[in-house]
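To start, the structure under review is shown below, and the notes come after it.
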Amino acid sequence: MTQSALSNTTNLQSYLPLLRGVSRSFYLSIRLLPQAVRAPIAVGYLLARATDTVADTTAIPQTERSTLLRNLQAAMELPAGNLNASSDQLAAFAQQQTDTHEKGLIRALPQCLHLLQSLSNADQACVRWVLGPIIQGQLLDVTRFGHGMQALQTEQELIDYTWQVAGCVGEFWTTLCDRHLGDFASLPTGTLREMGRRYGMGLQRLNILRDAGADLMADRCYLPQDRLTALGLSPVQLAQALARGHSDTLSRVTPLFNEYLDITQAQLRDGLTYSCALHSWRLRLASVLPALIGARTLTLLRQAGPQAWQQRIKMPRHEIRALLWRLFWRGTSPNTLAQEFARLLTPATP
């Protein structure tokens, strides 16, 4: 390992607890990654997670969030960018956070920017590339929502959004692995990049389905208006039915809900195929974990149907620990991972 890479790894260690606090599943993946790609992927995630926190802090007016996001983007795009001009606004944002981990992340944002600037020029360019569409998607969220109930208008808007905030990440991972790890997979890089794109989009679509209820209560609807209209529904009707517990109205969205679950499952299967093509067991395990956790989450969502929007659906921690023990015990061969994926998609018998 070069001295620069060693320094990056050492600097990153102090920020791993922060990463664990804001994303327990991604933290597991980061710890498994080969050291050559760990720093740029972790730094990219921390910066994207921080800007996402800014976008989601609805206690701050839209114009202020948009301005700060653009200032952050400008600072991240410059090789010697800094956040000095935004320090007061960042402090105000930190004070608005009720989650101590997110508060800590916002306060550590200047240091995260320094971590970006300590990467190699090629890795900095790669991180800046992926942050571009992510922040653009966050800016669209800030400007789209906040004036009463608003929804995405078309299926294409949903597709574009899932690429902006997550699909590009699959391409980012593939590019970094190709640069740093050489012959790292049994499939061509171009094929992997496309699979990684679909994998990321599936993970974001899963988040949308899982969080649909909370989003509706916050006057946000990621289910496209044109698809709801075809079912004789509107986002306002869904929000009212959710608030009043009207299951008949909620059940009318079941065909769309199930269609999206099927699309998500196919995209997560692309993630499984992607992971099984990787030579390194550490890289394979790091990349497949979100797909396996997502498969179990899909099963829980299918069992609950749209009624899942009235509760928070997550794979329990004890099930994640059991999954990790099975993988460490049985290994991460493609056959084992395929069997786990199928098992997690199968509802548990009482």
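The values are calculated or read from the model by the stated rules, or taken from the named source; none is laboratory data. Owing to the predicted nature of the structure, the values given are computational and were not obtained by experimental measurement. Positions of Cβ are generated from backbone atoms using ideal geometry, with glycine treated the same way; all protein chains shown enter the neighbour counts. The protein model used for the area step is the full one, side chains on, heavy atoms only, and it has no ligands, DNA or RNA in it. Shrake-Rupley method; radii C 1.70, N 1.55, O 1.52, S 1.80 Å.
Here the Karplus relation 6.51 cos²θ - 1.76 cosθ + 1.60, evaluated at θ = phi - 60°, turns the backbone of the stretch 134-150 into coupling constants of 4, 5, 4, x, 5, 5, 4, 4, 4, 7, 6, 10, x, 10, x, 4, 9 Hz, with x for every Gly and Pro.
GNM on the chain, alpha-carbon springs under 10 angstrom: the most fluctuating residue among Ile263, Ile208, Ile106 is Ile263.
Annotation: average projected area of the stretch 170-226 is 5.3 square nanometres, based on the convex hull of Cα atoms across all directions.
In the chain, helical runs assigned H by DSSP with n ≥ 4 each contribute -39500 (n - 2.57); averaged across all residues and rounded to the nearest 500, the mean residue ellipticity at 222 nm is -23500 deg cm²/dmol. Given a Förster radius of 35 Å and the C-beta distance between Gln95 and Ala214 as r, what FRET efficiency does 1/(1 + (r/R0)^6) yield to the nearest 0.05? FRET efficiency, Gln95 to Ala214: 0.95. Over 22 Å, how big is the tail of the calculated P(r) for the stretch 98-177, in percent of all Cα pairs? Considering the stretch 98-177, 43 percent of its Cα-Cα pairs are separated by more than 22 Å. How large is the Kirkwood hydrodynamic radius of the stretch 38-153, in angstrom, based on all distinct alpha carbon pairs? Kirkwood hydrodynamic radius for the stretch 38-153: 14.4 Å. When both the stretch 177-255 and the stretch 75-117 are represented by their alpha-carbon centers, they are found 29 Å apart. Accessible area of His279 (1.4 Å probe, protein heavy atoms only, ligands and nucleic acids ignored): about 100 Å². Highest mobility in the GNM of the chain, judged by mean-square fluctuation with C-alpha springs under 10 Å and restricted to Asn71, Asn82, Asn335, is found for Asn335.
Rounded to the nearest 0.05, the FRET efficiency derived from the C-beta distance between Ala85 and Lys314 at R0 = 56 Å is 0.90. Computed from label points 7 Å out along Cα-Cβ, the spacing between Thr189 and Ala342 is 3.4 nm. In terms of the Cα gyration tensor, with a ≥ b ≥ c the square roots of its eigenvalues, is the stretch 58-103 rounded because a/c is under 1.5, prolate because a/b exceeds b/c, or oblate? It comes out prolate by the Cα gyration axes. Ligands, DNA and RNA are left out, and with a 1.4 angstrom probe the accessible area of the stretch 146-273 is 41 Å² per residue. Each of Asp248, Asp270 has its accessible area taken with a 1.4 Å probe; listed largest first, they run Asp248, Asp270.
How big is D for the chain, in µm² s⁻¹ as a whole number, if Stokes-Einstein is applied with the Kirkwood radius of its Cα pairs at 37 °C and 0.692 mPa s?
Taking Rh from Cα pairs, D becomes 156 µm²/s.
Which of these, Leu19, Leu278, Leu327, has the largest mean-square fluctuation under a Gaussian network model of the chain (Cα springs below 10 Å)? In the Gaussian network model the winner is Leu327. For Ala185, the residues 5 or more places off, or on other chains, whose built amide H falls under 5 Å of its own are His279. Put simply, the convex hull of the Cα atoms in the stretch 238-350 casts, on average, a shadow of 7.8 nm².
Quick check: from the Cα gyration tensor, does the stretch 20-81 come out rounded (a/c under 1.5), prolate or oblate? The partial results should precede the final answer.
Numbers: a/c = 5.32, a/b = 1.59, b/c = 3.35.
Oblate is the answer for the stretch 20-81, as a/c is 1.5 or above yet b/c matches or exceeds a/b.
Applying the Karplus relation 6.51 cos²θ - 1.76 cosθ + 1.60 with θ = phi - 60° to the stretch 70-78 yields 3J(HN,Hα) values of 5, 5, 5, 4, 4, 5, 6, 6, 8 Hz, where x marks Gly and Pro. Note on Ala322/Asp56: beta-carbon distance plugged into 1/(1 + (r/R0)^6) with R0 of 41 Å gives a FRET efficiency of 0.85.
Overall size of the stretch 111-249 from C-alpha positions, given as principal axis extents largest first: 54, 37, 22 Å.
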